[in-house]
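Quick one: the structure is below, and I'll ask about it shortly.
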Amino acid sequence: MFDMFQYVSGVHDDNDNPFIQIDIRDMDRKIDYPEVLPVLAIKNTVLFPGVVIPITVNRFKSIRAVEDAYSSDKMVCVLTQRNQEDENPDADGMYQIGVIAQVHKLIRMPDGSSTIVIQGRSRFIIDSFEQTEPYLKAKFTLLDYIQPSDTKEFEAQISSIKDLAKEIVDVSPNIPNEANIMIRNIESNVFLLNFIASNLSASPEEKQKILETAYLPDFANMLLTKMHEEYNLLQLKGQIESKVRTDLEKQQRDYFLSQQLKTIQEELGQNTYEEEHKIVEEKAKKKKWTVEVKSTFDKEFAKLKRMNPQMSEYGVQMNYIETFLDLPWGEYSKDNFDLKKVKKVLDSDHYGLDKVKERILEHLSILKLKGDMKAPILCLVGPPGVGKTSLGKSIAHALKRKFVRMSLGGLHDEAEIRGHRKTYIGAMPGRIIQGIRKAQSSNPVFILDEIDKIGKDFRGDPSSALLEVLDPEQNNTFNDNFLEVEYDLSKVLFIATANSLNTIQPALLDRMEIIDLSGYSTEEKSQIAFKHLIPELMENHGLKAKALVFDKAAIQTIISEYTRESGVRSLSQKISSILRHYALKIAMGEDYNKKVQSEDIHRILGAQRFSNDIYTEKQPPGVAIGLAWTSVGGDILFIESSLNKGKGRLLLTGNLGDVMKESANTALSFVKAHAEQLGINTDDFDNHDIHIHVPEGAIPKDGPSAGVTMLSAICSAFAGKPIKPYLAMTGEITLRGKVLPVGGIKEKVLAAKRAGLKEILMSKENEKNVLEIPSEYIKGIKFIYVDRMEEVLEYALKISMKPK
């Protein structure tokens, strides 16, 4: 701190840095100093010419030197010692430049020490030390200040120093405002510089450097630099003190108000913080906690009771305690073990889906026989709209368990699964624990919806966090970051849903029991519409059960002409459109025909959107019908090929993937290798370009299952013969002419059935997949199983490959 105007009284030891103001009118008086004077070493300060300081002298040498000087001419050489900790500095332990001081007062103290008041007179430099015992004496040379060469510039420096000193006085709380008057009344520029330098809050080393500066402008510049530092420090200190003072005032005000509020609440009989704590204790007594969980709760609750309720941390801790209490520790809903009733509920809610229903009944039967079993982790995979999510709710209803649904689509942050540390502002447990808390049961049916659409970025990998949740060997000790204590998830029946397995992490996939839910046939959709969709939608639209009667042909028309899907979502939307049309008529009191027929469908929904004619009409040479699998079910794929005059190039269009392009090249290579057996002139390959196109070019297509179809289309184009009508095919081919099995058979077969195709050609190894499809779904479809391409061409094109 800049203490230039602190007046001091009393006795001070060597470590003090006190200053007093004295009359300086005799400073210009010339004094004839002796050639040799006693030397007084001081520490922690530097004496400047004209400045008066009191010093307590304790050292024997210093007392002798001061007493001898005081008894003679009262003059002494004052030097600052280099090492402030040195109790007996020698000649080398002191700076060589100092100030001759006049001893104005000597006071002997009862403890043997002496207090002196000295005033600096002139600067000097040591020539030599003439005596070392009993104290140091030295010869010296006086040093004068060098006057400035530019008087105006020096005057400007002095003016700046005065102005800055005034600002320091204004911001310093310990300096009286009268000090400004004193600064203005100092006439001697040299004394002003020495006086301010002496009172700077600087180290002895920095002050010594200023003392040794002889050229007055340099002296002034060094002083300005240190004063600016001091001023900035004072400003910063003032800002900090103001902020602290404001914060303290706010805290005191908040505390005062909280005490008043507490008193008012007690008078009104309202809940105080103590009553909140009592409520918490009562809830805690009812919980079925393990020793570890109870120990953690007791520790955290004790921490809450020690906190000031006005602190922000109190709210965070209270939130943690409430979460702890709200969780259903060891609380389980009782399962419904009436298996026949469970089966009836499942059948009434969903048509088909026999595999899932059977797996749930198996699990219940073991629970009924054994009494305890880890819940299975099921993953329902199938196209949209087949009822995966609603099935989970149906299972919960059948088992009489609580139901929780958690959507994982687009989830990027791992903390959504594991939660945040409770130390963060706004921290909360992960969505798994939140779901359990909401269900108020530790064994709910927990749907993890769209598990194949989890994201991954810099915030972590949520699918990796799910590894612990979906592992029956680990989830009995699930650790949420917010709770910081283990929670048992082993009794939770987790059911994940997905449209595709391709994007699910392999380690996560390995932990789940995969159940495929393929699309519905036309007959199944019709049954679902009559048994589930129409009654439910009529109720949702405010229509009575007998207000409308749908004709079976009308539903068939909607399914075949206005939807093209594996599930029933679009079917539900179309039925809703029809019901809204009739709801308007009923609301307006208009007459209408209660029986909904096919003609009404066309009138209400407009022109048909889909037609099977393009699949069933006779195709020209070079066109084959293939079957494809997509994430939304099976689909029909046309493969078109044509020959053009050229140089034997193969052109592929239709937004094909790498695997599909390789299938086309493989098919062409097979045809070239067996051209003679197929009756194809080999020159045709050199004189024609072969163009293969797959329509709907905006849609990406890939996979090996179009190999058979591409080879048939190429052979059809070269032979100039059309492929057998009503025939679809699927299968991978090899250069040796083998037909390999492919996946997605049920979806592909149902797509062919919906399109009105009558024959399907595929690999013999896929026969086992067809046998898994209920016979009523494939009624009217003929299956041709083949092992080699020769059989394909024989059946589709009536081309017999001649032996070489």
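Give me the residue from region 724-773 that is within 47 Å of the chain's Cα centre (by Cα) and on the phi > 0 side of the Ramachandran plot and, out of that set, most open to solvent (accessible area, probe 1.4 Å).
Checked region 724-773; the qualifying residue most open to solvent (accessible area, probe 1.4 Å) is Gly744.
Something else about it: Name the residues in region 468-485 that are in a loop (DSSP other than H, G, I, E, B), of a type outside the set (A, V, I, L, M) and farther than 24 Å from Ser295 by Cα, would you?
Asp471, Pro472, Glu473
Continuing with the same structure: Looking at Gln96, Gln81 in this structure, which one is surrounded by fewer than 16 Cβ atoms within 10 Å (Cβ to Cβ), modelled with pLDDT of 90 or more and farther than 29 Å from Ala179 by Cβ?
Testing whether each residue is surrounded by fewer than 16 Cβ atoms within 10 Å (Cβ to Cβ), modelled with pLDDT of 90 or more and farther than 29 Å from Ala179 by Cβ leaves just Gln96.
Which count do you get for residues in region 394-435 that are part of a helix (DSSP H, G or I) and either within 20 Å of Tyr320 (Cα to Cα) or open to solvent by less than 50 Å² (accessible area, probe 1.4 Å) (or both)?
Residues that pass the stated criteria total 14.
Which residues, taken from region 321-366, are modelled with pLDDT under 80, surrounded by fewer than 15 Cβ atoms within 10 Å (Cβ to Cβ) and within 40 Å of the chain's Cα centre (by Cα)?
Of everything in region 321-366, just one residue is modelled with pLDDT under 80, surrounded by fewer than 15 Cβ atoms within 10 Å (Cβ to Cβ) and within 40 Å of the chain's Cα centre (by Cα), namely Lys355.
I need the full set of residues from region 121-130 which are free of Cβ contacts under 8 Å to residues at least 24 places away in the same chain and either among the charged types (D, E, K, R) or open to solvent by 50 Å² or more (accessible area, probe 1.4 Å) (or both), in order please.
Across region 121-130, the qualifying residue is only Asp127.
Go through region 502-527 and report how many residues are in contact with a helix residue (DSSP H, G or I) (Cβ under 8 Å, 6 or more places away or on another chain) and within 21 Å of Gly352 (Cβ to Cβ).
The number of residues fulfilling the criteria is 13.
When the residues of region 134-176 are narrowed to those that are closer than 30 Å to Gly238 by Cβ and among the hydroxyl-bearing types (Ser, Thr, Tyr), which ends up least open to solvent (accessible area, probe 1.4 Å)?
Only one residue fits best here, namely Ser172.
Follow-up. So Val52 ticks every box in (1) open to solvent by 20 Å² or more (accessible area, probe 1.4 Å); (2) touching a Gly at 6+ places or on another chain (Cβ under 9 Å) but one. Which box is left unticked?
(1)
Follow-up question, since we're still on this one. So, Ile240, is that one outside any loop (DSSP other than H, G, I, E, B), hydrophobic (A, V, I, L, M, F, W, C) and either closer than 14 Å to Ser172 by Cβ or in contact with a Cys (Cβ under 6 Å, 6 or more places away or on another chain) (or both) or not?
When the stated conditions are applied, Ile240 does not pass them.
Hey, another quick one. Cβ contacts < 9 Å: first residue closer than 12 Å to Leu543 by Cβ, restricted to region 572-599; second residue open to solvent by 60 Å² or more (accessible area, probe 1.4 Å) and of a type in the set (A, V, I, L, M, F, W, C), any location; separation 6+ or different chain. Result?
Note: pairs meeting the criteria are Tyr592/Ile586; Lys594/Val549; Val596/Val549.
So how many residues does region 436-451 have that are free of Cβ contacts under 8 Å to residues at least 60 places away in the same chain and surrounded by fewer than 24 Cβ atoms within 10 Å (Cβ to Cβ)?
2
A further question follows. Kindly evaluate Leu380 against the criterion of being in contact with a helix residue (DSSP H, G or I) (Cβ under 8 Å, 6 or more places away or on another chain), of a type outside the set (S, T, N, Q) and open to solvent by 10 Å² or more (accessible area, probe 1.4 Å).
no
Let me ask something additional. Could you list, in sequence order, all residues of region 469-487 that are touching a strand residue (DSSP E or B) at 6+ places or on another chain (Cβ under 7 Å) and open to solvent by 30 Å² or more (accessible area, probe 1.4 Å)?
Thr477, Asn479, Glu486
Any chance region 605-612 includes a residue that's open to solvent by 10 Å² or more (accessible area, probe 1.4 Å), of a type in the set (Gly, Ala, Ser) and within 20 Å of Pro384 (Cβ to Cβ)?
Within region 605-612, none of the residues are open to solvent by 10 Å² or more (accessible area, probe 1.4 Å), of a type in the set (Gly, Ala, Ser) and within 20 Å of Pro384 (Cβ to Cβ).
For Ile107, only one of the following conditions fails: (1) part of a helix (DSSP H, G or I); (2) open to solvent by 20 Å² or more (accessible area, probe 1.4 Å); (3) of a type outside the set (D, E, K, R). What is its number?
Every listed condition holds for Ile107 apart from (1).
Quick test of your reading of the structure: Met406 fulfils all but one of (1) modelled with pLDDT under 85; (2) under 18 Å from Asn475 (Cβ atoms). Name the failing condition by number.
All conditions are met except number (1).
So, in region 110-119, exactly how many residues are assigned to a strand (DSSP E or B) and either touching a Gly at 6+ places or on another chain (Cβ under 6 Å) or open to solvent by 20 Å² or more (accessible area, probe 1.4 Å) (or both)?
The total comes to 1.
At least 2 residues that are open to solvent by less than 20 Å² (accessible area, probe 1.4 Å) and over 13 Å from Val386 (Cβ atoms) in each: list the helices (runs of 4 or more DSSP H) lying fully within region 513-588 that qualify.
534-540, 552-562, 569-587
Restricting to region 208-237, and then to whatever is under 55 Å from the mean Cα position of the chain (by Cα) and over 24 Å from Glu155 (Cβ atoms), can you tell me which residue is surrounded by the most Cβ atoms within 10 Å (Cβ to Cβ)?
Among residues in region 208-237 that are under 55 Å from the mean Cα position of the chain (by Cα) and over 24 Å from Glu155 (Cβ atoms), the one surrounded by the most Cβ atoms within 10 Å (Cβ to Cβ) is Leu234.
Identify, please: which residue in region 699-723 is assigned to a helix (DSSP H, G or I) and among the polar types (S, T, N, Q) and is, among those, nearest to the chain's Cα centre (by Cα)?
By that ranking, first place goes to Thr709.
For region 187-201: of the residues being polar (S, T, N, Q) and open to solvent by 20 Å² or more (accessible area, probe 1.4 Å), which is nearest to Glu153 (Cα to Cα)?
Checking each candidate, the answer is Asn189.
Here are some conditions: (1) within 30 Å of Ile240 (Cα to Cα); (2) in contact (Cβ under 8 Å) with a residue 12 or more places away in the chain; (3) assigned to a helix (DSSP H, G or I); (4) open to solvent by 20 Å² or more (accessible area, probe 1.4 Å). Arg184 meets all but one. Which one does it not meet?
(1)
Among the residues of region 679-704, write down those that are within 28 Å of Ala628 (Cα to Cα) and open to solvent by 20 Å² or more (accessible area, probe 1.4 Å).
The answer is His691, His693, Pro695, Glu696, Gly697, Ala698, Ile699, Pro700, Lys701, Asp702, Pro704.
The values are calculated or read from the model by the stated rules, or taken from the named source; none is laboratory data. Quick caveat, the model's predicted, so the values are computed rather than measured. A quick note on method: Cβ atoms are made from the backbone with ideal geometry, for glycine too, and the neighbour counts reach across all protein chains shown. Protein only, heavy atoms only, side chains kept; ligands, DNA and RNA dropped before computing areas. Shrake-Rupley method; radii C 1.70, N 1.55, O 1.52, S 1.80 Å.
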